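Colleague: Provided herewith is a single structure, encoded as structure tokens, for subsequent inquiry.
The values are calculated or read from the model by the stated rules, or taken from the named source; none is laboratory data. Fair warning: this is a prediction, and the values are worked out from it, not measured in the lab. Neighbour counts run over all protein chains shown; Cβ positions are idealised from the backbone, glycine included. All accessible areas refer to the heavy atoms of the entire protein, side chains included, with ligands and DNA or RNA removed. Shrake-Rupley method; radii C 1.70, N 1.55, O 1.52, S 1.80 Å.
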Amino acid sequence: MQGSPILEIDLAKIKFNTSQVVERCHRKGIEVIGVTKGFSAIHQIVSAMVAGGIDGLADSRMENIIELREKGFTQPITLLRIPRLSNVMKVVQYTDTSINSEISVIKALAQAAKQFKKIHQVILMVDVGDLREGVLQENVLDMAKQFTSFKEIKLIGLGTNMGCFGGILPSSHNLGVLVELGHAVENELNLKLEIISGGGTSTLLLIDNEQVPAGVNQLRIGEGILLGTDTTNSRKIPWLHHDAFQLQAEVIEVKSKPSVPTGTIGRDAFGNIPEFIDLGVRKRAIVSMGKQDVNIKGIQPVDKRLTIMGASSDHLILDIEDSEYEIKVGDVIAFSLAYSGLLSVSDSRYVRKLFKGGSGSSDTT
């Protein structure tokens, strides 16, 4: 894959970010589960998170979880997506815990666990406002009571998700509701819940501001560790590295061209009608990377003077008119990534992965 785009990954920075998140959370009595779905559970990155002191791992894709087990990872693993009825055997076989909100799935998990002679742990997800997965607050007690009929299922806690669908921010109020529901379940069922899982990276701001309610004792962190960012709160986390990942692509054309195409404009290759602003003749560069390689809405040139004009499946067009240095064919342009960019490029077989900062630099396709 010589000449293909490269995703450069600094494992030392990921380890550092992990250790910083773990340290701050542990001071509050909160364990940190490292979410691996954002980078397709690439095992070198998972190892960096483990070296940084992560308490457990979590992913929404069983394919990733199975691969982690086959690579020898023995840490507790949580499935972060409600199990499919068609997949409960593998869920019980390869994970320790799953998040759930459907009684039919719980029943199927119990039947699978009986065959494996295992106890499968479950976190009951509660919807506190974001409107993704979870039972409504008024149904939590009734749902929790139904767990008692399944000997192979252990209800270990309540959890919630925020920011991923409705954009709802975690707060001391909505997390406080989760804690109070946990107390209600404990009182009703005469048991002690091990976990109150209070969301993900967006909850780190509450930790910084001393606003996490007592009782929340788990966070599921991906973006913060990987990128040092918190998209939901629109911030860069100041005490973390923001450049553990860098995408690089080679320049294959440099030309000065008009900024508006000539002729009748129809739809582009993706069915969109492009719009252009007439800025006159501008110097442009094309790099050997496009929408088949990465979600271009999730990347930005490291050089802020460069602007992404658009992309086709395999060409990315940049306005380089204002660059302070001469850009030539064969040069490499670097891009930073947002979470959506990392999510797409990690899974692209067209992008080489180059690791540095670990026991030694290495690369993989």
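Colleague: Residues of the range 1-55 being part of a loop (DSSP other than H, G, I, E, B), under 19 Å from Gly341 (Cβ atoms) and under 16 Å from the mean Cα position of the chain (by Cα), which ones?
Modeller: Thr36, Ser40, Ala41, Ile42
Colleague: Which of the residues that make up the range 128-161 are of a type in the set (A, V, I, L, M, F, W, C) and in contact with a Ser or Thr (Cβ under 6 Å, 6 or more places away or on another chain)? Lay out the reasoning, then the answer.
Modeller: Initial filter on the range 128-161 (of a type in the set (A, V, I, L, M, F, W, C)): 128, 131, 135-136, 140-141, 143-144, 147, 150, 153, 155-156, 158.
Once the filter is applied, which keeps residues that are of a type in the set (A, V, I, L, M, F, W, C) and in contact with a Ser or Thr (Cβ under 6 Å, 6 or more places away or on another chain), the range 128-161 yields Val128, Val135.
Colleague: Within the bounds of the range 124-133, is there any residue that is of a type in the set (Val, Ile, Thr), modelled with pLDDT under 95 and open to solvent by 80 Å² or more (accessible area, probe 1.4 Å)?
Modeller: No: zero hits.
Colleague: Being open to solvent by 20 Å² or more (accessible area, probe 1.4 Å), in contact with a Lys or Arg (Cβ under 8 Å, 6 or more places away or on another chain) and among the aliphatic types (A, V, I, L, M) is the filter here; which residues of the range 31-57 pass it?
Modeller: Those that are open to solvent by 20 Å² or more (accessible area, probe 1.4 Å), in contact with a Lys or Arg (Cβ under 8 Å, 6 or more places away or on another chain) and among the aliphatic types (A, V, I, L, M): Ile42, Ala51.
Colleague: So, of the residues in the range 164-190 that are within 14 Å of Arg220 (Cβ to Cβ) and in contact with a Gly (Cβ under 7 Å, 6 or more places away or on another chain), which turns out to be surrounded by the fewest Cβ atoms within 10 Å (Cβ to Cβ)?
Modeller: Leu175
Colleague: Answer with yes or no whether Ile106 is assigned to a helix (DSSP H, G or I), open to solvent by less than 20 Å² (accessible area, probe 1.4 Å) and at pLDDT 95 or above. Steps first, please.
Modeller: Working: assigned to a helix (DSSP H, G or I): yes; open to solvent by less than 20 Å² (accessible area, probe 1.4 Å): yes; at pLDDT 95 or above: yes.
Criteria met by Ile106.
Colleague: What residue, of Asp347, Asp293, Asp314, Asp322, is in contact with a Lys or Arg (Cβ under 6 Å, 6 or more places away or on another chain) and either at positive phi or assigned to a loop (DSSP other than H, G, I, E, B) (or both)?
Modeller: Asp322
Colleague: Further question on the same structure: From the list Leu85, Leu136, which residue is open to solvent by 70 Å² or more (accessible area, probe 1.4 Å), farther than 24 Å from Asp230 by Cα, free of Cβ contacts under 8 Å to residues at least 24 places away in the same chain and touching a strand residue (DSSP E or B) at 6+ places or on another chain (Cβ under 8 Å)?
Modeller: When all the criteria are applied, what remains is Leu136.
Colleague: Go through the range 200-217 and count every residue that is in a loop (DSSP other than H, G, I, E, B) and either more than 24 Å from the chain's Cα centre (by Cα) or touching a residue at least 12 places away in the same chain (Cβ under 8 Å) (or both).
Modeller: Final tally of qualifying residues: 9.
Colleague: Would you check if there is a residue in the range 234-256 being more than 16 Å from Ile14 (Cα to Cα), among the small types (Gly, Ala, Ser), at pLDDT 95 or above and open to solvent by less than 70 Å² (accessible area, probe 1.4 Å)?
Modeller: Checking the range 234-256: at least one residue is more than 16 Å from Ile14 (Cα to Cα), among the small types (Gly, Ala, Ser), at pLDDT 95 or above and open to solvent by less than 70 Å² (accessible area, probe 1.4 Å).
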